[in-house]
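Undergrad: A single structure is presented below for examination.
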Amino acid sequence: MSRIGKLPIVIPDGVQVTVSAENLVHVKGKLGELQQQVDPRIIIRMDGNQMFVERQSENKTDRSIHGLYRALLANMVKGVSEGYTIVQEIVGVGYKANANGQLLELSLGYSHNIVLELPPEVKVETVTERGKNPTITLKSNNKQLIGQVAAKIRSLRPPEPYKQKGIRFAGEEIRKKAGKSASA
C-alpha cells in the first residue's frame, strides 16, 4: 500500500471540498478556488473533516497514481487555506528586478531587459535594499503554477558555480568551483 496515499487529508475550517460524479474535485477556501480531474480508478471518500483517497485494485498503474492524486489534493487544500510563497535572490553586480502589476522586468546583464508577463493567479513583489541582493517574492494558491513560474524566472540566468552570479532560490547552496590555477 502506498504510504503517502493512505494518509488522510485533513480539511481545515473555512475550506469546502466537493466531489462531482465524474471525479472532478473542487476545493474552495479563503485564498481562492482550485479544481482537479481525478482518474476514475481512484475513489475519494469524505469523512467529516477528512478526505481519504483509495484505489480500486492492486495493479501497478493504480498503485502508481494513488499517492500522486493524494499529494495533488493535499496541495490544493493547503493552497486555498495557507497559500504558497517562493523567494528568489538575484546575485550579481547591476542585476535588478522591478514589478509593475503582473509584469516583471529583469535586468540580468544582457544587452536588453527581460519583461515577463505572469499569470493572474501569481502575485509578484520585488524588494531592493542597499547592501543586499534584490529579491523576488512569488505568492499563489496553486503549487504547480508557482513552481513553474519560479523555474522559468530562474532559467533566465541560472546560478553559475565560479562567481555564483545568477538567480537562485532563497537559502539555496551553490557549490563553488575553483577557477583555473596559474602554473609557474
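Undergrad: Over the heavy atoms of SER20, what accessible area does a 1.4 Å probe trace out, to the nearest 10 Å²?
TA: In the full protein context, SER20 sits at about 40 Å².
Undergrad: Compute the Cα gyration tensor for segment 1-110, then decide on rounded, prolate or oblate, letting a ≥ b ≥ c be the square roots of its eigenvalues: rounded whenever a/c is under 1.5, prolate when a/b is larger than b/c in the other cases, and oblate in all that remain. Intermediate results must be reported in sequence, preceding the final value.
TA: Working: a/c = 2.98, a/b = 2.04, b/c = 1.46.
Prolate shape, in that a/c is at least 1.5 and a/b is the bigger ratio.
Undergrad: Would you mind checking the tilt of helix 60-81 against the longest principal axis of the Cα atoms of the chain, expressed as 0 to 90 degrees and rounded to 10?
TA: 70 degrees
Undergrad: Could you work out the relative contact order of segment 16-169, using alpha carbon pairs under 8 angstrom and six or more residues apart, expressed as a whole percent?
TA: Working: 266 pairs, mean separation 29.6, N = 154.
Computed over segment 16-169, the figure is 19 percent.
Undergrad: Just by accessible area at a 1.4 angstrom probe, what is the order of ARG157, ARG55 from largest to smallest?
TA: Values: ARG157 60, ARG55 30 Å².
Largest accessible area first, the list is ARG157, ARG55.
Undergrad: What is the distance, in nm, between label points placed 7 Å from the Cα along the Cα-to-Cβ direction at LYS176 and at ARG41?
TA: Calculated label separation equals 5.1 nm.
Undergrad: Does segment 1-47 come out rounded, prolate or oblate by the C-alpha gyration tensor, with a ≥ b ≥ c the root eigenvalues, rounded set by a/c under 1.5 and, if not, prolate when a/b is larger than b/c and oblate if not?
TA: Details: a/c = 2.17, a/b = 1.28, b/c = 1.69.
The shape class here is oblate.
Undergrad: While we're here: Lysine pairs in segment 1-160 with alpha-carbon atoms under 19 Å apart, 8 or more places apart or on different chains: how many are there?
TA: Qualifying lysine pairs in segment 1-160: 21.
Undergrad: With everything on Cα atoms, drop me the angle between helix 143-155 and the longest principal axis of the chain, reported from 0 to 90° to the nearest 10.
TA: Taking the Cα atoms of the chain, the angle to 143-155 is about 20 degrees.
Undergrad: Accessible area per residue of segment 88-184 at 1.4 Å probe, in Å²?
TA: 66 Å²
Undergrad: To the nearest 20 debye, what is the magnitude of the charge dipole of segment 60-156 about its Cα centre, counting +1 on the Cβ of each Lys and Arg and -1 on the Cβ of each Asp and Glu?
TA: 340 debye
Undergrad: Keeping the other protein chains in place, figure out the carbon and sulfur percent of the accessible area of the chain, with a 1.4 Å probe.
TA: Working: 5760 of 11470 Å².
The nonpolar share, carbon plus sulfur, comes to 50 percent.
Undergrad: If each of LEU7 and GLU105 carries a label point 7 Å out from its Cα toward its Cβ, how far apart are those two points in nm?
TA: 4.4 nm
Undergrad: Further, regarding this structure: Treat each spin label as a single point 7 Å out from the Cα along the C-beta direction, and report the ARG63 to VAL115 distance in nm.
TA: Between ARG63 and VAL115, the simple spin-label model gives 5.3 nm.
The values are calculated or read from the model by the stated rules, or taken from the named source; none is laboratory data. Quick caveat: nothing in here was measured; it's all calculated off a predicted structure. For neighbour counting, all protein chains shown are included, and Cβ atoms are generated from backbone atoms with ideal geometry for every residue, glycine included. Side chains included, ligands, DNA and RNA excluded: accessible areas come from the protein's heavy atoms. Shrake-Rupley method; radii C 1.70, N 1.55, O 1.52, S 1.80 Å.
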